[in-house]
1. Taking amide H positions as placed 1.01 Å from N in the peptide plane, with prolines and chain starts having none, which residues 5 or more places from Phe194, or on another chain, fall under 5 Å of its amide H?
2. DSSP loop (so not H, G, I, E, B), at most 10 other Cβ within 10 Å: list which trypsin sites (Lys or Arg not before Pro) in segment 124-216 pass both filters.
3. Using Cα atoms only, what is the angle between the long axis of helix 81-109 and the major principal axis of the chain, expressed in degrees (0 to 90) to the nearest 10?
4. Mind listing the long-range amide H neighbours of Asn184? Cut-off is under 5 Å, sequence gap 5 or more, other chains count too, H placed in the peptide plane at 1.01 Å from N.
5. Any idea what angle helix 48-75 forms with the longest principal axis of the chain, computed on alpha-carbon atoms, 0 to 90 degrees, nearest 10?
6. Got a sec to turn the phi values of segment 21-28 into Karplus ³J(HN,Hα) couplings, 6.51 cos²θ - 1.76 cosθ + 1.60 with θ = phi - 60°, whole Hz, x for Gly and Pro?
7. Which whole-number percent gives the relative contact order of segment 48-109, counting Cα pairs below 8 Å spaced six or more residues apart?
8. Taking amide hydrogens as modeled 1.01 Å from N in the peptide plane, which residues meet the under 5 Å criterion relative to Ala43, leaving out close sequence neighbours?
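FYI, it's all coordinate maths here, none of it is from the lab. This structure is a prediction, so every number in the text was calculated from the model and none was measured. For neighbour counting, all protein chains shown are included, and Cβ atoms are generated from backbone atoms with ideal geometry for every residue, glycine included.
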Amino acid sequence: MVSKTFSGEIKGKIIELRFSFAGKLSSLYKKKGDGVRKGNLIASLDKKSLQAELDKQLGDFEKVRAEFEIYNLQKGEPKDDVAKYLKSEKQSQLNISVKEVELAKMKLDQADLFSPIEGVIIDDSSLVAGIYITPSSNPIKVLDVSSYFFEFQIEQKDLPNFSSPKPAKIDFVGIKKTFSGISNPIIPQENGKFKVEVKLETSEGLILGMIGKAKF
């Protein structure tokens, strides 16, 4: 391959975080521009009704469990089919109650939205405490800073040059350091152009949208 240079820019993976159910936003701990670490709490929904539902299910569970234990003490081991059926019915009611408690606890836990990655919040949908949100609205977008790659377009005539991974040296405007990377498989585009992504050995000092030139 004859040495060639291609202009492109830094891109990265962006994930959208959403609550799994609708509710009123009670707290927003991170906003646009804030950095986040994996596991950081970003936002929370109001938990009053969720806690009340969990308390109710726990109360129902205690009642069902007590009834089950009393039944066992009074009836002992079942001696006929009817007794076996009645005990099975009591056990089934207890199992259902356990599941209801687990579901209520899970929903309460899901009222907190955590970041699954280390990154930067690039869009917080202008969220403020007190507004009602749904799973289909108001996503919080987080840029995965570890996913940076250099992307550029090529024409069809250049396809043979990128049929296999190629090493690249990339220079960015305003940065003295030269970065190294390896090209990934070609990505076809609808406009007759083709995209090439270069996996960088390091992305330290780079920012999303930086423009540069890759030399192969």
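1. Excluding prolines and chain starts, which carry no amide H, the hits are Ile154.
2. Taking segment 124-216 and a limit of 10 other Cβ atoms within 10 Å, the loop trypsin sites (Lys or Arg not before Pro) found are Lys176.
3. That works out to roughly 40 degrees.
4. Glu197, Val198, Lys199
5. Value to nearest ten degrees: 40.
6. 8, 7, x, 8, 6, 9, 8, 10
7. 60 percent
8. For Ala43, whose amide H was placed from the backbone, the distant partners under 5 Å are Tyr29, Leu113.
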